Amino acid sequence: MSSDHTHNPGFIRKYVFSVDHKVIGVQYAVTSLIFLFFGFSLMMIMRWQLAYPGDAIPLIGGWLGQYLVDNNGVLLPEGYNALGAMHGTIMVFLGVVPLAVGGFGNYVMPLQIGAPDMAFPRLNMASYWVYVLGGIAMLASFFVPGGAANSGWTSYPPLSVIANVDNAHHFWNGQTIWLLGMVLLITSSLLGSVNFIVTIVHLRVKGLTMFRLPFFVWAQLVTSFLLLLAFPPLEAAGVLQLMDRAFDTSFFMPTGLVVSGVVRDEYAGGGSPLLWQHLFWFLAHPEVYVLILPALGIIGEIIANNTRRPLWGYKTLVYSVVFLGFMSFVVWAHHMFLTGMGTTMSNFFQTTTMIISIPSVVILTAMLLSLWNASIRFNVPMLFALSFLPMFAIGGLTGLPLGLSASDIQLHDTYYVIGHFHYVVAPGTIMALFAGIYFWFPKVTGRKMSTLLGHLHFWPTLLFMNVIFGPMLIIGLRGVSRRLWDQTEYVLGAEVQGWTVMSSWGAWMLGLSQLPFIINFFYSAVAGKKSVENPWKATTLEWAAPSPPPHGNFAEVPVVYRGPYEYSVPGAKEDFQPQHLSDAKLS
Amino acid sequence: MIASSFWLPPNIAERGSEIDIIISYLHIFMAVLFVVWGVYFAYCLVRFRASANPTATYADAKAKTSKAAEVIVIVIEAILLVGFSIPVWAYYRSEPPTADKNPLTVRVVAQQFAWNIHYPGPDGKFGKTRPELIDEALNPIGLVDASEDPNRADDYVSVNIFHIPKDRDILVRLTSKDVIHSFAVPLLRVKQDAIPGMEIPIWFKATKTSEETQKIMTRAYAVPESAAGRRAEKFINRNRLLITMSKNGSVPAGTTLTAEHLKTLIADGITSVDLAPAFPVNIQCAQLCGLGHYRMKGQMVIHESDDYEAWFAEAGVEEVFEDDEEEDD
């Protein structure tokens with residue numbers, strides 16, 4: 001094995017088609033960051049139409065093409081729907097998940113368990129390239145006749161099945177390519193998840209028992225099981241929808257559809273549109289935890305490191321995360337309360353939904369209790385990690401009125417839902433991902449990021465996240481439906497239009513606030529101050545490797561002597577005791 | 001009580017306040033929890049900052065308080081679930097108005113991008129429909145000829161305008177011709193997906209007429225400075241179909257606002273007008289249904305009981321479609 005790690009494989013094998021988990025991790029991270037910014041840009045365009053309905057989009061309106069804008073540069077309703085569908089798809093499946101799992105998981109997890117690489121390096125490479133293919137498919141769909149998919153990121157049939165099929169290019173249109181793209185992305189996740197599970201179970205170094213694993217590794221392990229078990233149903237459903245579109249089967253198409261006055265009897269009929277929703281949400285609810293758990297893992301690492309004390313209730317945290325994983329499989333239909341569900345079903349799903357809120361409260365409480373009697377260092381990663389706590393709290397709490405079926409009647413499919421899940425994923429998960437980038441950047445590049453630019457990034461980002469999503473909760477309580485091209489069409493929408501304008505300005509300002517980060521990221525990677533091996537005085541194994549770690553990671557295989565967060569141990573010389581140093585070496 | 005809390009729109013449904021109560025209690029609970037967490041959080045950040053507390057304590061803090069807090073959270077959630085949400089949902093889903101309450105039964109057939117309201121007429125029986133008879137302009141729900149089904153003779157179909165009487169149970173049988181829509185009337189605390197191939201019943205009872213609702217929803221608006229320009233057009237557009245209710249008489253109450261009126265108001269030095277929507281009770285589509293999703297708007301017209309009967313007697317005589325909503329995609 002060691003000879004394998006010393007030979008020089010050449011540029012292409014080393015940096016493009018690499019099998020090294022660190023190179024793949026960086027590839028995932030950079031690709032997904034680009035997709036995150038692209039997906040966010042789509043939203044910045046939509047926010048113009050929302051704030052100023054019917055006004056031409058300034059600067060770029062003329063360049064957006066016939067599928068998105070009219071001759072005057074005004075965003076078309078179908079263009080708006082396409083941007084909305086693609087924003088959701090790109091942010092979730094091409095941005096956050098690949099960054100949290102493919103990026104952070106790939107890079108950090110093997111280091112934290114002392115492994116030289118993932119268990120199946122070639123599978124790892126395949127997973128990344130299948131993801132890239134999925135991304136290319138999604139991007140290409142903007143340029144096919146009719147433009148990109150425009151039936152929402154949820155792609156509910158019959159709308160999605162009949163979308164664009166009547167144009168000349170029956171098959172190669174946005175929705176079809178979206179389905180193919182999803183099949184590729186899910187395949188990529190599946191390949192990754194198998195690899196993660198095997199790696200965590202088999203490649204831990206000597207002494208690293210399951211309850212000595214860093215919390216981040218536990219989070220990745222549970223996430224991998226969710227990816228493994230929840231994603232195949234949507235992959236199957238995607239293929240079925242493809243059949244409905246391409247070959248007029250009727251898995252999701254009921255009998256007797258009449259669209260624009262035309263009886264659509266090419267579909268045999270007898271299918272159920274609700275079947276899609278069940279399959280979709282069976283994936284998409286665990287998906288929420290795929291977005292959240294790695295973020296919680298990152299937050300745990302950074303909070304332990306910067307409070308200089310062990311994470312409060314490590315085992316409680318682990319059990320809570322495992323419990324969350326299990327429960328996330330039995331709450332999916334709370335997305336479907338208004339599909340005609342009876343009392344028995346809704347009572348089951350609202351009860352499980354209330355139950356799943358308990359471990360989330362426990363995890364948040366544990367993180368907060370970790371602050372008690374701490375010695376808190378306010379560095380940039382810690383600022384992002386701390387901001388995650390109240391933001392995630394808002395996201396979680398606003399889930400309650402949606403999880404109870406009675407209050408959901410009023411709030412379902414309104415902006416309240418948008419506000420809720422964005423608080424979980426944007427000021428929540430994305431803040432955690434930023435925290436992770438600032439935290440592990442010195443390990444990956446061997447250089448530090450600028451603290452000043454970090455502050456210039458953090459404060460406006462936190463402010464504008466709230467300027468965007470806070471008003472959405474108000475607009476939603478007022479009763480305004482989501483996905484409206486122009487909410488001023490309605491009395492209630494017109495009343496709260498001011499909040500929508502504010503939200504839009506928040507989004508554009510948030511875009512500007514990312515400039516310091518982009519500069520910091522690229523400048524520091526090339527010319528940042530050199531960093532030592534363990535700049536944060538951390539305890540976990542990744543900090544035992546050189547910065548950046550060479551191919552194969554560790555000069556000699558480490559042995560683990562203790563748990564992951566032995567900070568401020570009474571009587572110890574230093575306030576941290578790395579996992580890989582024996583007691584003899586520490587004294 | 002009409003005064004809305006937590007930005008909720010006015011409630012004009014008999015049992016809508018039950019939903020409002022759950023939403024209000026939940027938000028109070030959420031706010032208390034958030035403030036308690038927030039105060040503790042802020043205290044920790046200040047008290048345990050590295051400069052104030054250079055050495056951290058290894059042992060976990062005792063967590064009696066937090067355990068108690070978790071138990072309280074569980075108990076409150078259980079109460080909200082069992083005491084409020086389950087019974088309210090039961091009313092909305094499994095306690096339809098009984099025959100002795102003489103509910104008005106109506107079919108609502110959603111389509112891209114309109115609401116077809118199918119009244120059974122005095123016989124209370126809906127005429128048969130067949131998909132192949134659908135004609136978007138003349139027969140939007142595909143009713144058969146009266147010779148084939150006599151029940152159809154007194155049926156009446158209205159597009160986008162949904163007339164109902166106040167204080168009577170309304171039972172809607174909701175379905176869709178094409179894709180999934182969602183019938184949402186925020187003021188009536190009603191929302192239900194309309195799914196092709198399924199007919200789903202929902203019910204509600206309005207306690208205010210449209211006119212009474214209009215009064216509740218009257219608000220003061222600033223008159224834009226440039227009355228002739230684009231801003232005025234937008235102002236009128238964005239506050240669609242608003243009518244002035246009062247103000248020193250230069251424009252009489254009850255008038256539908258136009259750009260001309262704005263000029264008059266500005267000439268008279270009036271900077272603010274009280275406006276109310278002409279149709280205050282909108283039906284929105286809440287489920288993405290295509291490019292016209294945003295304009296899939298219907299109006300509820302809520303009459304006093306007698307006025308409703310009078311309206312129906314007149315409307316039912318001839319097949320009129322108030323709104324020739326020939327939508328294309």
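The values are calculated or read from the model by the stated rules, or taken from the named source; none is laboratory data. For clarity, every value in this text was computed on a predicted model and none was experimentally measured. With ideal geometry, Cβ positions are generated from the backbone for all residues, glycine too; neighbour counts draw on all protein chains shown.
As a summary of the residue check, B:ILE236 satisfies the conditions (1) at pLDDT 90 or above; (2) buried (at least 16 other Cβ atoms within 10 Å of the Cβ) except for the one numbered (1). Within segment B:50-68, being more than 7 Å from chain A (Cβ to nearest Cβ) and within 16 Å of A:MET367 (Cα to Cα) holds for B:ALA59, B:LYS62, B:LYS64, B:THR65, B:LYS67.
Please verify whether segment B:130-140 includes one or more residues that are within 12 Å of chain A (Cβ to nearest Cβ), among the small types (Gly, Ala, Ser), over 26 Å from the mean Cα position of the chain (by Cα) and exposed (fewer than 13 other Cβ atoms within 10 Å of the Cβ). So far as segment B:130-140 goes, yes, one or more of its residues are within 12 Å of chain A (Cβ to nearest Cβ), among the small types (Gly, Ala, Ser), over 26 Å from the mean Cα position of the chain (by Cα) and exposed (fewer than 13 other Cβ atoms within 10 Å of the Cβ). Among the residues of segment A:463-514, those that are touching a residue at least 12 places away in the same chain (Cβ under 8 Å) and part of a loop (DSSP other than H, G, I, E, B) comprise A:ARG478, A:GLY479, A:VAL480, A:ARG482, A:ARG483, A:TRP485, A:ASP486, A:VAL496, A:GLN514.
Taken together, the residues in segment B:14-49 that are in contact (Cβ under 8 Å) with a residue 40 or more places away in the chain and more than 7 Å from every other protein chain (Cβ to nearest Cβ) amount to 8.
Please verify whether B:ALA267 is exposed (fewer than 13 other Cβ atoms within 10 Å of the Cβ), modelled with pLDDT of 75 or more and not charged (D, E, K, R), treating the condition exactly as stated. In short, yes.
Give me the pairs: first residue in segment A:320-344 and over 25 Å from B:GLU70 (Cβ atoms), second residue in a helix (DSSP H, G or I) and small (Gly, Ala, Ser), beta-carbon distance under 6 Å, and six or more apart or on different chains, which are they? From residues that are over 25 Å from B:GLU70 (Cβ atoms), the pairs are A:PHE337/A:SER346; A:PHE337/A:SER405; A:THR343/B:ALA90; A:THR343/B:SER94. In the set (1) touching a residue at least 60 places away in the same chain (Cβ under 8 Å); (2) touching a Ser or Thr at 6+ places or on another chain (Cβ under 6 Å); (3) acidic (Asp, Glu), the condition left unmet by A:GLU542 is number (2).
The single residue among B:SER182, B:SER158 that is part of a strand (DSSP E or B) and either within 14 Å of another protein chain (Cβ to nearest Cβ) or of a type in the set (Lys, Arg) (or both) turns out to be B:SER182.
Segment A:1-108 holds helices (runs of 4 or more DSSP H) entirely within its bounds, and those carrying 3 or more residues that are in contact with a strand residue (DSSP E or B) (Cβ under 9 Å, 6 or more places away or on another chain) and either under 20 Å from A:GLY181 (Cα atoms) or at pLDDT below 95 (or both) map to A:77-89.
Looking only at segment A:520-534, count how many residues are surrounded by fewer than 17 Cβ atoms within 10 Å (Cβ to Cβ) and closer than 19 Å to A:PHE576 by Cα. Residues in segment A:520-534 being surrounded by fewer than 17 Cβ atoms within 10 Å (Cβ to Cβ) and closer than 19 Å to A:PHE576 by Cα: 2 in total.
Would you check if B:ILE180 is out of contact with any Cys (no Cβ under 9 Å at 6 or more places or on another chain), buried (at least 22 other Cβ atoms within 10 Å of the Cβ) and farther than 24 Å from B:GLU304 by Cβ? Full working, then the answer.
Working: out of contact with any Cys (no Cβ under 9 Å at 6 or more places or on another chain): no; buried (at least 22 other Cβ atoms within 10 Å of the Cβ): yes; farther than 24 Å from B:GLU304 by Cβ: yes.
In short, no.
Please verify whether B:ALA52 is more than 25 Å from A:PRO471 (Cβ to Cβ) and exposed (fewer than 15 other Cβ atoms within 10 Å of the Cβ), treating the condition exactly as stated. So B:ALA52 fits the description; yes.
Just one of the numbered conditions (1) more than 11 Å from chain B (Cβ to nearest Cβ); (2) more than 30 Å from A:GLY395 (Cα to Cα); (3) buried (at least 20 other Cβ atoms within 10 Å of the Cβ); (4) modelled with pLDDT of 90 or more is not true of A:TYR289: (2).
Could you pull out the residue among A:GLY271, A:GLY297 that is of a type outside the set (A, V, I, L, M, F, W, C) and not in a helix (DSSP H, G or I)? Full working, then the answer.
Values: A:GLY297 fails: not in a helix (DSSP H, G or I).
Exactly one residue qualifies, and that residue is A:GLY271.
Annotation: A:TYR423 fulfils all but one of (1) closer than 17 Å to B:MET30 by Cα; (2) modelled with pLDDT under 95; the unmet one is (2). Can you find even one residue in segment A:438-447 that is part of a loop (DSSP other than H, G, I, E, B) and away from chain B (no Cβ under 14 Å)? Yes - at least one qualifying residue is present in segment A:438-447.
Go through segment B:271-305 and report how many residues are of a type outside the set (Lys, Arg) and not in a loop (DSSP other than H, G, I, E, B).
Step one: filter segment B:271-305 for residues of a type outside the set (Lys, Arg), giving B:271-294, B:296, B:298-305.
Narrowing further to those that are not in a loop (DSSP other than H, G, I, E, B): B:272-277, B:282-285, B:293-294, B:298-303, B:305.
Adding up the residues that qualify gives 19.
A:MET391 passes every criterion in (1) assigned to a loop (DSSP other than H, G, I, E, B); (2) under 19 Å from the mean Cα position of the chain (by Cα) apart from (1).
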